[in-house]
Amino acid sequence: MAATTTTTTTTRRVRSFKRWLKSKGINFIDALQICDCPLQGISVRTLCDLTLGDVVATIPKQACLTVETSGARDLIEAYSLNDGDTLGLAVAIMYERSLGQSSPWAPYFSVTPYQEESLPLVWTSDEVDGLLCGTSIHKAVKDDQALIREDWEERIQPLLKMESSKLDPSFFRVEDYFAAKTIIHSRSFWAGDFHGYGMIPLVDLFNHKTAAEDVHLVGVSYSSFDSDSDSNSDSDSEVDSNQVKDFTYAYNKNSDNSKMEITPELDDEFGDMKMIMVKHVKAGSEVYNTYGYIGNGRLLHKFGFTEPNNPHDIVNIDMEIVLEWSSWLFSSRHTRARVSLWKKLGFSGCECDTLVGSDYFEISFDGEPQIELLTLLYIILLPRNAYDKLDFVVRVDSIGMEGQGLFLLKVITKPSNNTFVNKSVGDALLTIANIRESIYGSNSLEDDIEALEKCCRVRDKKLYHSLALRISERRILQKLRGYAGRRTSHLECISDFCTISCI
């Protein structure tokens, strides 16, 4: 579901799918052209100019594939498979697929891949270790694979042994569960508290473009419209631009899905959802949705693709790397004491979202490290007298410490600048960047760039996007070195100027 540019055509399965959409009460304007590309799949283009505020589609919640609308609902409830995660939805997808053409969702499945092959979730162990080695998602993918397999063994496999479940085991294999999970990861949306996560037909055909959203899914109560009429002349399909700006929506950051949440105003069983234009789009252009402001690591992990020059790219520095650097210079006791003081001041890294692994620090697209990393390095490198003074203040005056750590650190230690990057911290950043770089293996950044240039984005998706991720992360590490070098050089210049002035 990445951005596509290849010329596309309307196929028989698309025509069948469009008839099915109508039968389910899903209305959409004729200007939307669902295109089918043999190499890159489905996309949505417009046959005429679309304007900010145009309602281009209405989707009843009952037309969505959720646990509540699936024929497996009673089974899922009976065996407590809908416990807040996406397990229940995965069972619903597998069940409906097992029905073949008898499933009410058969025409929908005809335009939906059985499995999103480009998602690392379904790569082999050798592919994950070989292609993702060193990247910020390597451990996360391996952990996800282990957890999904464990889910199947503990929740799905026992179900197949029960005659009362009446399930066809050939559609509920571990491979089928992984396949369902890839579809949920890359295509499901939040449909409110009643329905939970679900598959929303038509909506999931719009490709993603970071920070370039054309159309947005909302749960607003406008009258349905006649899809045969022109969108610009239908009063029910026009929405004031101020209303568009006021629509309540948010990105769900705490789940295995980063797509838009539906507004709670129609959080019920039978409400409608709308696809509304949030900008003008010219005739002949592809119409894009967005999954949020997401870097290439998360895009590849959750959706199976990357974007060139993604300004939301980051690279992670694990806490273990910082501790490894510190162990080269100081004793374990010194490191533990300094990290403990850092935490007492209210600092922490980013929490790892997997069960295995430690906290980490993010380096931004511009190569700028988190302030939490800078403060940790600064505290580890503090002279003993400054450390003792800071530690004493923290121990005797911890009341009201929350939220005051950064202020207290500045007041007590008086850093030469607000970024805490002195010569020692700059050198530490350079060393840590080199340690992080070494995890990618023996191939250099130039080797990766050369390999990417020879790689076909369509034919070799796994290799192409894993190389793109590695390159984006390694370029950020280059920028981190530049950041450290510039700060250090600036301080040295100031020091030299002061020395000359004194002479």
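The values are calculated or read from the model by the stated rules, or taken from the named source; none is laboratory data. Just so you know, these numbers come straight off a predicted model, no measurement behind them. Reconstructed Cβ throughout: ideal geometry from the backbone, glycine too, with neighbour counts over all protein chains shown. In case anyone asks, the SASA skips ligands and DNA or RNA and just uses the protein heavy atoms, side chains included. Shrake-Rupley method; radii C 1.70, N 1.55, O 1.52, S 1.80 Å.
Computed from point charges on the beta carbon alone (+1 for Lys and Arg, -1 for Asp and Glu), the dipole magnitude for the stretch 114-202 about its Cα centre is near 200 Debye.
Given R0 = 60 Å, the distance between the Cβ atoms of Ala283 and Glu450 translates into a calculated FRET efficiency of 0.90. Peptide packing: for 136-143, 324-331, 304-311, the average count of neighbouring Cβ atoms within 10 Å per residue gives the ranking 136-143, 304-311, 324-331, highest mean first. Can you give me the C-alpha center-to-center distance between the stretch 302-368 and the stretch 63-122, rounded to a whole angstrom? What the calculation gives is 37 Å, centre to centre.
Placing dummy labels 7 Å off each Cα toward the beta-carbon, the span from Asp83 to Leu147 is 1.4 nm.
If a spin label sat at a point 7 angstrom from the Cα of Asn443 along the line to its beta carbon, the backbone N atoms of the stretch 101-135 nearer than 14 Å would be those of 127-135.
Take the stretch 121-226 with all the other protein chains still there, run a 1.4 Å probe, and you get 39 Å² of accessible area per residue. For Glu68, the amide hydrogen comes within under 5 Å of no other amide hydrogen, counting only partners 5 or more places away or on other chains and with H modelled in the peptide plane. Packing, as the average of other Cβ atoms within 10 Å across residues, places the peptides 434-446, 49-61 in the order 49-61, 434-446, highest first. Accessible surface for Arg298 stands near 70 Å², nearest 10, in the context of the full protein assembly shown (1.4 Å probe).
What net charge is computed for the residues neighbouring Val174, neighbours being all others with C-beta under 9 Å from the C-beta of Val174, Lys and Arg scored +1, Asp and Glu -1?
The answer is -1.
Each other residue within a Cβ distance under 14 Å of Lys282 adds +1 if Lys or Arg and -1 if Asp or Glu, for a net charge of -2. Once all protein chains are placed together, Tyr378 keeps about 20 Å² accessible to a 1.4 angstrom probe. Do any of Lys24/Lys302; Lys61/Lys462; Lys18/Lys282; Lys209/Lys461; Lys181/Lys282; Lys302/Lys344 go past 26 Å between their Cα atoms, and which? In this structure, Lys24/Lys302; Lys61/Lys462; Lys181/Lys282; Lys302/Lys344 lie more than 26 Å apart at Cα. Maximal additional length on extending the Gln157-Asp193 stretch stands at 10.2 nm, based on 0.36 nm per residue less the C-alpha distance.
Ignoring lysines fewer than eight residues from Lys479 along the same chain, the ones with Cα atoms less than 18 angstrom from its Cα are Lys423. In order along the stretch 99-112, the Karplus-derived 3J(HN,Hα) couplings, from 6.51 cos²θ - 1.76 cosθ + 1.60 at θ = phi - 60°, round to 7, x, 5, 6, 6, x, 9, 3, x, 5, 5, 5, 10, 10 Hz, and Gly and Pro are given as x.
Mind ranking Ile412, Ile314 by accessible surface for me, highest first, 1.4 Å probe? List each step's numbers first, then the result.
Working: Ile412 35, Ile314 60 Å².
If we order Ile412, Ile314 from most to least accessible, we get Ile314, Ile412.
The listed peptides 180-191, 268-279, ordered by packing as a protection proxy, come out as 180-191, 268-279 (highest mean of other Cβ atoms within 10 Å first). Rolling a 1.4 Å probe over the protein chains gives Met162 an accessible area of about 80 Å².
Reachable lysines from Lys161, Cα under 18 Å, same-chain residues fewer than 8 places away excluded? Leaving aside lysines fewer than 8 places away in the same chain, none come within reach of Lys161.
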